[in-house]
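Encoded as structure tokens, the structure appears first; notes follow it.
The values are calculated or read from the model by the stated rules, or taken from the named source; none is laboratory data. The structure presented is a predicted model; accordingly, all values stated were derived computationally and were not measured. Methodologically, a virtual Cβ is constructed for each residue, glycine included, from the backbone with ideal geometry; neighbour enumeration extends over all protein chains shown. Surface accessibility is based on the protein's heavy atoms, side chains included, excluding ligands, DNA and RNA. Shrake-Rupley method; radii C 1.70, N 1.55, O 1.52, S 1.80 Å.
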Amino acid sequence: MARDGRPTEIFVSYSPADTAWATWIAWELEAAGYKTMIQAWDFVPGTNFIDFMDRGVSEAQLVVAVLSRNYLGSRYGRMEWQAALRADPDNPSNKLVTIRLEDVQVEGLLSTITWVDLLGVTDPGQARAQLLSRVGEAMSGRAKPEAAPAFPDGSRVPPSPPTLPPPAERARARRSPVTAPKFPPAAGDDRGRESISVLHIGGPRFGRALPDPGDPFTPEDMQARIWADLTAMYDRGMPRPDLMVVSGDLTESGSLGQFGQATRFITDLRLLIGLEPHRLILLPGPRDVTKAAASAYFMTCEADDVSPQPPYWPKWRHFATLFGEVYQGLDDRVFDAAQPWTLFEVPDLKVVVAGLNSTMAMSHLERDAYALLGEGQAAWFAERLRQFEEDAWLRLGVLGHPPGELRDLQTFERLLGHRLNLLLHGGTGEGTEGRIAAPRSGRHQVVEIGPDGLRLWRPDGQPDGRPQLVRSRWRAAGTTFTGQSPPAAAPAPRAAEREPSPVELLLDRITEVCEARHERARIRRFDTHLVVTHPEDGFVRQTMIGAYAGEGTEGGATPPRRRRTTSPGAPTPPACPPSWSTRVRPPPAHCATS
């Protein structure tokens, strides 16, 4: 049952990565008079998602599945369409309608459902007509055409002009967008962008006891302030945000209630400005460490007579819960005990963001209150960013602490400084080259990144309303702005093949002879000689065999120079006579040789 009392007619099943398509489909269905249920508008953060999914599939008359690579690889997506098929196994097309967005291979039971093919459709009217036609057939259980069929004698009936149902009155008791979503046809991979705009929000610190006068206090007030400021800056020519970044300090002290406020604020604001979940960047700041959980962990370790193990994972327990709810269904967004940091890949923008966790050393103890990344985290990001640098994607970093407070700043600079194009951090004050400081708590700014530098848009910026311009060139980030991938590196030229020299041919023959004569011989080869080691009569014989091609003349062949190694302090052995072989007694069984 929907919130306004009307029964749910259509449940939209999709991957959060395809939110733009899903919300457009839901908007068009509701404009045609259907009552829909969709995660983006109807799921309440903090509630049970499995229960929401079960109610949607079971109560709805029809399930509309948005097919894409993300959806077919999603665990929750698979559960939803399988539940729809089980609801009507005899005639699954009456319960499940599939919308194909990408050229994907549909296999198994899902392949038996005829899909609405929107692949390559760029006209919203055509897409709307195909969608409503197929949904109408499924809802009515018949495929009656809108136009009258031709009379059997062959005469034609003039077709009636296509009509669409009039828009229905929309309920406003949900988190639906203020304006109709834009039609989101898939863009070609070669499309470039003039800029990438990042909405950078200073840590809201929900739970503060005494905010500054005039500052918003509740999640609703803060959301309204940011929305109003963005609307005003749009009028000044600012582009709409492509990414939303909160650089830590979502809460004041990491309590469960404070994280609940933060979840509601992030989810509602993201929907208000029209961003999909995969374009949201979150990471913990120093105030997001739950010190009570860290203290309880230390006490449990003391009771069990074990030592607490850094980085003390329970301190992030409430943040991890928020992270899981905000990125519900996005399997590539990871923050867990094995990897308490996140790499945010945004393929549709050709941007990658390193969510750096600078709270690795923190606990409830004052001695641990410092910023640290650790070599393991820094090396992990450095290795994974290497491929994006080779592909010329824009590479951003986000850090909860000011970088100057990192105890291992040298490690950051050595491993990551050259990998990142720009670092957004939680410290206040003026930014430096390649680093942008966050505005004060609860405030925001928009960083517009272009190929030749960036522009900073602030609500209380310059008196004339123009943004602050910072000139810069981004190293190895051209694909983001041009859409053209860098040319593949030419394969290394193969060394020119040459004929083996007479000495090399002779060494080949000698090697064959030695291998045939001594079954367990070990042969090391050098430019003009061989070193052959083999057991014989209880000894290990080592023989050096030189090769000389040409007439044998006096002094024509010089034995290879021999080198002996002795341990420090040992007496110098006498010089060896110019012999070509030595005999070495094998060591006793208890000795080890290198």
Handout entry: Amide proton proximity set for K35, modelled H, under 5 Å, gap of 5+
Key = E9, I10
Exercise for the section: Straight distance only, please: which lysines reach the Cα of K350 with their own Cα at less than 28 Å, same-chain residues fewer than 8 apart left out? Expected result: K182
Exercise for the section: Over segment 195-310, average the accessible area per residue using a 1.4 Å probe and give it in Å², no decimals. Expected result: 39 Å²
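Kirkwood hydrodynamic radius of segment 388-468 from all distinct Cα pairs, in Å? Walk me through the intermediate numbers first.
Details: mean 1/r = 0.0715 Å⁻¹.
Mean inverse Cα-Cα distance, inverted, gives 14.0 Å.
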Exercise for the section: Give the accessible area for C301 in Å² (nearest 10); use a 1.4 Å probe, count only protein heavy atoms, and leave out ligands, DNA and RNA. Expected result: 10 Å²
Problem - Fraction of the pair-distance distribution of segment 298-337 above 12 Å, Cα-Cα pairs, percent - result: 64 percent
Completion exercise
Sorted by chain and number, the residues with a modelled amide H under 5 Å from that of G453, at a separation of 5 or more or across chains, are S472
Exercise for the section: Leaving ligands, DNA and RNA out of it, rank I273, I38 by accessible area with a 1.4 Å probe, largest first. Expected result: I273, I38
Completion exercise
S253 neighbourhood, Cβ < 13 Å, K/R = +1, D/E = -1, net charge +2
Completion exercise
Filtered hits (aspartates and glutamates, Cα-Cα < 18 Å from K35, offset >= 8 within chain) -> D4, E9, D54, E59, E137, E169
Fill in the blank from the handout: In whole percent, the fraction of accessible protein surface over segment 1-139 that belongs to carbon or sulfur atoms, probe radius 1.4 Å, stands at 47 percent
Handout entry: Mean-position separation - Cα centroids, segment 432-474 and segment 360-408, in angstrom
Key = 23 Å
Completion exercise
The lysines whose Cα lies under 17 Å from the Cα of K315, excluding any fewer than 8 residues away in the same chain, are K291
Completion exercise
In order over segment 419-426: 3J(HN,Hα) from phi, Karplus 6.51/-1.76/1.60, θ = phi - 60°, whole Hz, x for each Gly or Pro, gives 7, 8, 7, 8, 10, 9, 9, x
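If you take the Cα Rg of segment 224-352 and divide it by 2.2 N^0.38 Å, with N the number of residues, what do you get?
Details: Rg = 17.3 Å, N = 129, 2.2 N^0.38 = 13.9 Å.
Against the compact-globule rule of thumb, the ratio is 1.24.
What number comes out for accessible area per residue over segment 1-132 if the probe is 1.4 Å? Units Å², please.
On the way: 5380 Å² over 132 residues.
Roughly 41 Å² per residue, with all protein chains present.
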